[in-house]
């Protein structure tokens with residue numbers, strides 16, 4: 001189950017935003033690949049920041 005970071009809007013577990021999750025199946029072939037490379041950095045960033 002997703003938990004959202006209020007500042008970034010990213011899921012604390014997978015790093016995606018609600019719009020990214022909703023559009024995942026409709027994305028062009030390049031976008032999911034690029035996003036999958038970005039997600040680990042997002043998750044690490046959210047983990048480093050204090051929760052409010």
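For helix 30-48, what angle does its Cα long axis make with the longest principal axis of the chain, in degrees from 0 to 90 and rounded to 10? Taking Cα atoms only, the helix is inclined about 0 degrees. Given their separation in residues at 0.36 nm each and the Cα-Cα distance between them, residue 26 and residue 49 gain 5.2 nm when the chain is fully extended. Gain on full extension, evaluated as 0.36 nm per residue between residue 14 and residue 36 minus their Cα-Cα distance, stands at 7.0 nm.
Just the number: Rg to Rh for the chain, Cα atoms, Kirkwood Rh, two decimals. Rg/Rh: 0.99.
Sorting 7-13, 25-31 by average packing, meaning the other beta carbons within 10 Å per residue, from highest down gives 7-13, 25-31. Take every pair of alpha-carbon atoms less than 8 Å apart whose residues are at least six positions apart; their mean separation over the length of the chain yields a relative contact order of 37 percent.
Each reported figure results from applying straightforward, stated rules to the coordinates on display, with no laboratory input. Nothing here was measured: the structure is a model prediction, and the numbers come from that model. Cβ: placed from backbone, ideal geometry, glycine included. Neighbour counts: every protein chain shown.
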